[in-house]
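The values are calculated or read from the model by the stated rules, or taken from the named source; none is laboratory data. This structure is a prediction, so every number in the text was calculated from the model and none was measured. Neighbour counts are summed over all protein chains in view; Cβ atoms, including those assigned to glycine, are modelled from backbone coordinates with ideal geometry.
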Amino acid sequence: MTTNLLEFDLDALIAFCERLGEKRFRATQLFRWIHQRGAKDFGAMSDLAKSLREKLQGCARIEALPVISEHVSADGTIKWLFDVGDGNAVESVFIPEDDRGTLCVSSQAGCAVGCRFCSTGHQGFSRNLTSGEIIAQLWFAEHALRTRLQTSERVISNVVMMGMGEPLQNYAALVPALRIMLDDHGYGLSRRRLTVSTSGVVPMMDRLAQDCPVALAVSLHAPNDALRDNLVPLNRKYPIHELLDACNRYLEHAPRDFITFEYCMLDGVNDQPEHAQQLIDLVQPTRGPGIRCKFNLIPFNPFPASGLLRSPQHRVLAFAKLLNDAGIVTTVRKTRGDDIDAACGQLAGDVKDRTRAAERMAKQRTIVLKPIT
């Protein structure tokens, strides 16, 4: 069985090459060929010794994920569906903008967190992706886009771990993939331009701060525990005060001086003026524990199984104004790719439901969510 070299960060690739009797610099050359040039054929790696190329052909491979489908939105957003075997699939989304190209990457086939407003969570959880399967999404997208745009320049400047899955529940595979993305011999991303989004896995937030601090986005979605328990079930294990304490600890190591709080706007559920005031009280140090943060308000992308509706635009803007007027930087995310189901919360793929998620969610929908003051 040959080894897929997409699984290795540079340190692991150095160890692999040393086992083959090769020097460290050969691993760096190989790493560049794989990630900077997108090469798959060892024979084409012209500055590697012929003896090394022959060894690699016998024991290694560079294997991307098979592409099941590609959809291109009217706004230029591209969604790829990748086959990860055993009937499972994951999705990645490229979002082009004037000043950046952002790739949204999946970390799991499905998700076990089960947030009320997330289509992926309603499909249940199948398995964690390997480091190679995580990085293969970036490897494919970067080099496919370069070919399409006929450029040798980097196309993807930002990566957000906001696709399918909870990244911090796949920590062992996540960190090597992040290191490949950050490595100057790999994709050379800035820590400020690489974001991990979490629903609040507090112990892993502390580990990430020590092992590989990158930008952090936290899926908050509610200003109090009673409401967040219902919307984000993980809150029952790590309530808001524990989450905010972890965020403040993370800021001591983070490349940015603020945490981004994601807040999905749900009609009549978490979008009232009293909810905005509770958020202000929560994050301002004169009233609550306090934290340096910004808010990103996300228009909800409805799907039938959720039983939830999108907040009207006028209410979203009014909510944002309340936060901004209180001195909290707040933006409203522009919906991209919703015509191809590539917008936030819509990624679902063909994940098998092995946790009876649909049944559990149907029972949960019998609870009527009302504004909590």
#### Entry: Residues (touching a residue at least 12 places away in the same chain (Cβ under 8 Å), under 27 Å from H122 (Cα atoms) and in a helix (DSSP H, G or I)) located in segment 280-312
A305, S306
### Odd one out for Q169 among (1) over 24 Å from G121 (Cα atoms); (2) surrounded by fewer than 22 Cβ atoms within 10 Å (Cβ to Cβ)
(1)
## Note on the structure
Counting only residues that are crowded, with 21+ Cβ neighbours inside 10 Å, under 20 Å from L309 (Cα atoms) and either touching a helix residue (DSSP H, G or I) at 6+ places or on another chain (Cβ under 6 Å) or free of Cβ contacts under 8 Å to residues at least 12 places away in the same chain (or both), segment 216-250 contains a total of 4
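Residue-wise test of (1) closer than 20 Å to L244 by Cα; (2) under 17 Å from the mean Cα position of the chain (by Cα).
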{"site": "S119", "(1), (2)": "no, yes"}
{"site": "H122", "(1), (2)": "no, no"}
{"site": "N128", "(1), (2)": "no, yes"}
{"site": "I135", "(1), (2)": "no, yes"}
{"site": "L174", "(1), (2)": "no, yes"}
{"site": "L194", "(1), (2)": "no, yes"}
{"site": "S197", "(1), (2)": "yes, yes"}
{"site": "L208", "(1), (2)": "yes, yes"}
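Which of the residues belonging to segment 1-25 are surrounded by fewer than 19 Cβ atoms within 10 Å (Cβ to Cβ) and farther than 11 Å from I62 by Cβ? Before you say what the answer is, go through the steps one by one.
Step one: of segment 1-25, the residues surrounded by fewer than 19 Cβ atoms within 10 Å (Cβ to Cβ) are 1-4, 11-12, 15, 18-21, 23-25.
Passing the criteria: M1, D11, A12, A15, E18, R19, L20, G21, K23, R24, F25.
Pick out, from segment 1-107, the helices (runs of 4 or more DSSP H) lying fully within it that include 1 or more residues that are touching a residue at least 60 places away in the same chain (Cβ under 8 Å). Explain how you work it out, then say what you get.
Values: elements: 10-19, 24-35, 50-59.
Per the criteria, 10-19, 24-35.
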### Query
Is it the case that C264 is hydrophobic (A, V, I, L, M, F, W, C), under 25 Å from V202 (Cβ atoms) and modelled with pLDDT of 95 or more?
yes
